Amino acid sequence: MEPDQIADALTAFINTNIMARGHPVRPNDDLEAAGLDSMALLKVLLFIEAEFGFWIPDEDLVRDTLRSPLALANYIRRRQSPS
Amino acid sequence: MRGADLVLIAMQSLWARGRVSNNTLLVVQCDAPIAPERIRRALDRFLGSCPWPAARLRRPFPWGKLHWAAGPPAALVPPPVRRRSVASYAELHRELEAELNSPIDPRRDPPLRFLIVDCGPEPATAQGFLVLTWFHPLMDPRGGQNLLMQLAHLDSDEGDAPRAGAPPSFVPDPDPRPLRERGRLGRRSLRYMRTLAPVPPVSPGTGLTSPGLVRFRQEGFVEDQSSARGERATREITWRLALVGKAMAGLWDRRGLPAVPFLVPISVDLRPKGDAGPTFGNWLAFHFARFSPAETADVAGLARALRAQMADAVRDGQIDANAVAMEFLHYRPLALMRRYLPAGSSGETFSFNCADLVEFPATLERLFGHSVVNAYHVPAVLPRPGIGVFFNRCAPTNNLVISWIDGAVSEEEVAQIVEVVRDGMEWTRLP
């Protein structure tokens, strides 16, 4: 999957399971500013584990990785690419 | 009234001789004194659409569940708005502790009240403090902030229609799931809670028979922008709980308290994100963190373990089940409520309290005509566990509030806890 597709899947999950109706986030939106707290972030990490098959380690839980669905998608794409 | 609220009320029977406070404060510091008339006017308008600030706690005779009841709109008496002037922050602090220690009796009094404090040696340069005090089971901290947002909106809007578009939601929507399904989930959560503390937890308040006054300490910090640790991980409740656990393990060690596992309730805000959500009712579920004092030696490792615990609880549906159980407990008699705590009816509750009360909303950057400088919450803790550590942010300030019961913890011990947390967060103290 390309980063844009991954970002769309993440955005759809967040809007369905975390955000209030009428307050959707977009792939480039800042998730912390959108109100995602510890539990909401945990739900996103569990979604990534279920959909993409890995758990993001603590050392990668930095602001740059978690800033937006697109930033998370870029991280997931890098993890999926053979190095 | 949800399960956690009923447990709070039921816990009071442990200290029948004293009036135990269930007050919680939201303190908002503004750049100039606030006019009480503006709050009174906004409250009057608010009561026109929502009666709960003027309600009383009632139980039908001879049997029935505790509930909030309010009379017809014309008969509602608004909650009091008082004003004080003080010359220094030390005097302000005494006023705030007096607010904590004047328990609201919701059967006789309105469940909330306002205090305006003008603080400064000269009126021309004084700062204004708005103090919203409420009976904790009326609202959670987010609800308190929502109430202020609604009052601020009513204050700034002169027209008849207080709000364009959909009206704000004052209370949560009922759970649409069938009763049978909710009953199954609720019973499952109660069974799970009974497995959490095979050994009852110990707290600084254990054995305290004559609890003293509620005290608190608040300090403001800024994040060190030059810190190499640019991780969001330090903003997570698991990191903060691990740090507070480390500080508490130091207290346990100095006191010689038994090294039984810590049991700490972690509140989970059930509101969908991006919208203010309901105002009244504690709209929370609970996760119960368990770890030993020895594990706190490795804060990063403990934070990982606590995150794994929370992830397991989400995977297993325990957070959702707890939310349902909180709703279901209001069908049970108050006298039995303590049985549903993880440690059963032993009277021991949790090792300590810890919560991140998140951001003070940016929409409240101005309040009743003045700029907001800082805002923080001070929940009174019960004599058991006797201490609670609370975080919140009011950009750019990171607030750390510790509330405790005199006799359970000393001021020196609180100062040590503050220092451990400050150091672990790499925060710089504000002047």
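The values are calculated or read from the model by the stated rules, or taken from the named source; none is laboratory data. Quick caveat: nothing in here was measured; it's all calculated off a predicted structure. Positions of Cβ are backbone-derived with ideal geometry, glycine not excepted, and every protein chain shown enters the neighbour counts.
Show the residue pairs that are 6+ apart or on different chains and have beta-carbon atoms under 9 Å apart, the first residue being within the stretch B:59-79 and within 18 Å of B:Phe280 (Cβ to Cβ), the second being loosely packed, with under 12 Cβ neighbours inside 10 Å and hydroxyl-bearing (Ser, Thr, Tyr). Every condition considered, the pairs that remain are B:Lys65/B:Tyr331. One residue stands out among those in the stretch A:66-83 that are in a loop (DSSP other than H, G, I, E, B) and more than 9 Å from chain B (Cβ to nearest Cβ): the one that is modelled with the highest pLDDT, which is A:Ser68. For the stretch A:14-51, a tally of residues being surrounded by fewer than 18 Cβ atoms within 10 Å (Cβ to Cβ), more than 11 Å from every other protein chain (Cβ to nearest Cβ) and part of a helix (DSSP H, G or I) returns 1.
May I ask you to list the residues in the stretch B:78-134 that are part of a strand (DSSP E or B) and among the basic types (Lys, Arg)? Talk me through it step by step, then tell me what you get.
Filtering the stretch B:78-134 for residues part of a strand (DSSP E or B) gives B:81-86, B:112-119, B:127-134.
Result: B:Arg82, B:Arg83, B:Arg84, B:Arg113.
Is the stretch B:272-281 home to any residue that is assigned to a strand (DSSP E or B), under 30 Å from A:Pro57 (Cα atoms) and within 23 Å of the chain's Cα centre (by Cα)?
yes
Does B:Ala285 qualify as being modelled with pLDDT of 95 or more and either in a strand (DSSP E or B) or under 21 Å from B:Asn399 (Cβ atoms) (or both)? No: the conditions fail for B:Ala285.
Here A:Met1 fulfils each of the conditions (1) assigned to a helix (DSSP H, G or I); (2) in contact (Cβ under 8 Å) with a residue 60 or more places away in the chain; (3) exposed (fewer than 15 other Cβ atoms within 10 Å of the Cβ); (4) not small (Gly, Ala, Ser) apart from (1). Inspect the stretch B:21-37 for any residue being buried (at least 18 other Cβ atoms within 10 Å of the Cβ), without any contact (Cβ under 8 Å) to a residue 60 or more places away in the chain and not acidic (Asp, Glu) and give the result as yes or no. No; the residues of the stretch B:21-37 include none that is buried (at least 18 other Cβ atoms within 10 Å of the Cβ), without any contact (Cβ under 8 Å) to a residue 60 or more places away in the chain and not acidic (Asp, Glu). Counting only residues that are modelled with pLDDT under 90 and in a helix (DSSP H, G or I), the stretch B:145-163 holds 1 of them. Would the stretch A:46-57 turn up any residue that is among the charged types (D, E, K, R) and closer than 23 Å to B:Ala305 by Cβ? Yes - at least one qualifying residue is present in the stretch A:46-57.
Scanning the stretch B:98-144 for residues that are over 25 Å from B:Ala4 (Cα atoms), touching a strand residue (DSSP E or B) at 6+ places or on another chain (Cβ under 6 Å) and not small (Gly, Ala, Ser) yields a count of 8. Of everything in the stretch B:275-285 that is buried (at least 21 other Cβ atoms within 10 Å of the Cβ) and touching a helix residue (DSSP H, G or I) at 6+ places or on another chain (Cβ under 6 Å), the residue that is nearest to the other protein chains (Cβ to nearest Cβ) is B:Ala285. Can we say B:Ala197 is outside any loop (DSSP other than H, G, I, E, B) and either in the same structural domain as B:Glu411 (by TED's automatic domain parsing) or at pLDDT 85 or above (or both)? Considered against the rule, which asks whether it is outside any loop (DSSP other than H, G, I, E, B) and either in the same structural domain as B:Glu411 (by TED's automatic domain parsing) or at pLDDT 85 or above (or both), B:Ala197 comes out as no. All of B:Val260, B:Val222 fail the test of being away from every other protein chain (no Cβ under 14 Å), within 24 Å of B:Asn399 (Cα to Cα) and of a type in the set (A, V, I, L, M, F, W, C), apart from B:Val222.
Filtering the stretch A:52-65 down to residues that are part of a helix (DSSP H, G or I) and at the interface with another protein chain (Cβ under 7 Å from one of its Cβ atoms), which residue is nearest to B:Asp173 (Cα to Cα)? Among those that are part of a helix (DSSP H, G or I) and at the interface with another protein chain (Cβ under 7 Å from one of its Cβ atoms), it is A:Arg63. The set of residues from the stretch B:286-304 being within 17 Å of A:Leu41 (Cβ to Cβ) and more than 9 Å from chain A (Cβ to nearest Cβ) comprises just one member, B:Ala289.
Screening B:Pro272 with (1) in contact with a strand residue (DSSP E or B) (Cβ under 7 Å, 6 or more places away or on another chain); (2) over 21 Å from B:Ser203 (Cβ atoms); (3) more than 11 Å from every other protein chain (Cβ to nearest Cβ); (4) modelled with pLDDT of 90 or more gives one miss only, at (3).
The single residue among B:Val358, B:Val372 that is part of a strand (DSSP E or B), modelled with pLDDT under 95 and more than 23 Å from B:Gly212 (Cβ to Cβ) turns out to be B:Val358.
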